[in-house]
1. Which one is most open to solvent (accessible area, probe 1.4 Å) among residues in segment 139-180 that are of a type in the set (S, T, N, Q) and part of a helix (DSSP H, G or I)?
2. For segment 211-221, how many residues are open to solvent by 40 Å² or more (accessible area, probe 1.4 Å) and touching a Gly at 6+ places or on another chain (Cβ under 9 Å)?
3. Assuming N151 fulfils every condition listed in (1) more than 20 Å from S238 (Cβ to Cβ); (2) within 16 Å of the chain's Cα centre (by Cα); (3) in contact (Cβ under 8 Å) with a residue 24 or more places away in the chain apart from one, which condition is it?
4. Name, by its number, the condition in (1) at pLDDT 75 or above; (2) more than 42 Å from the chain's Cα centre (by Cα); (3) open to solvent by 90 Å² or more (accessible area, probe 1.4 Å) that does not hold for V73.
5. Kindly check whether there is at least one residue in segment 189-206 that is more than 19 Å from N151 (Cα to Cα) and of a type in the set (A, V, I, L, M, F, W, C).
6. Specify which of the listed residues (R135, R105, R114) is more than 24 Å from R259 (Cα to Cα) and either open to solvent by 20 Å² or more (accessible area, probe 1.4 Å) or modelled with pLDDT of 90 or more (or both).
7. Assess whether N79 counts as being part of a helix (DSSP H, G or I), open to solvent by less than 50 Å² (accessible area, probe 1.4 Å) and modelled with pLDDT of 80 or more.
8. Only residues that are at pLDDT 90 or above and surrounded by fewer than 19 Cβ atoms within 10 Å (Cβ to Cβ): list them for segment 236-245, please.
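The values are calculated or read from the model by the stated rules, or taken from the named source; none is laboratory data. As the structure is a prediction and not an experimental result, all values here were calculated from the model. All Cβ positions, even for glycine, are placed from backbone atoms using ideal geometry, and neighbour counts span all protein chains on display. Quick note on the areas: whole protein, heavy atoms, side chains included, nothing else; ligands and nucleic acids left out. Shrake-Rupley method; radii C 1.70, N 1.55, O 1.52, S 1.80 Å.
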Amino acid sequence: MIPVVYAWLLDRWQTFAENFQPLRDTIDIIVVAWVVYWLLMRIKGTRAAQMALSGGFLIGLFFLSERLHLETVNWVIRNLAAYVVFAIIVLFQSDIRRALAHFGRARVFRYFERATSADETLEELVTAATTLAARHVGAIIVVERQIGLRNYIEGGIPLDATVTYDLMATIFQPGSPLHDGAVIVQGDRVAAAACFLPLSVNPRVSRDLGTRHRAAIGLTEENDAVAVVVSEETGIISLAMAGDLERHLTADTLRLRLRALLGGRRGRLRRTPPRGSLV
């Protein structure tokens, strides 16, 4: 069997070498490799991975049956192929829809989206913070910038939902299982909730600050993220960045600070440190 497969591969290689066009075929290979890699990363860890393995086995069996002239096996696979495609669409429609939505949010398509998406996200964040502060509901909302927060996202509960006030109010509702953790925002999406953040060990941090504020300071000491903190005891809104904490923010001040930090489409952030101190 091995010599047969080797002969088939050698024949394919000779055909490829005879018709090889460097520029065209290089682009062709790169595009196909990227698509395959993207698909594999999307199905990694899902039930679709097992289906992909089965599909790869059937494809390999199809070509092998052609080479070995196994007519019955080849006939069965060819006739089942169309039904398998429909079965995959029906069984994995939610996964396919999620994968296509993820593909549509790729960076290459962000330039075609509405420029107002960042402003809408900003307004939802400001509305959520001020409303939660008025109700004295504690909250910590982290906005990812250039440095990724994947380690903290993986430790929380993945959501991948649009940033809205209703969602924030539900997450931080007292008694909710997600109430005590932090929400991490990527662009205009809530990546995860109930995320645990590192506490600051800076001796300059005021002892009056609670765990949420220390967690916000501790996270921003390590990367360029921005954290909005709402105090449960006082209802004070604070903004943490670069290890500093600016407190007693009003809705207008918070809006101005976030607008100064949010730059470009989809809420990509600039590296402009906020004013303020730890006390």
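1. The qualifying residue most open to solvent (accessible area, probe 1.4 Å) is N151.
2. 2
3. (3)
4. (3)
5. yes
6. Within the list R135, R105, R114, the selection yields R135.
7. Criteria not met by N79.
8. If the condition is that a residue be at pLDDT 90 or above and surrounded by fewer than 19 Cβ atoms within 10 Å (Cβ to Cβ), then I236 is the only one that fits.
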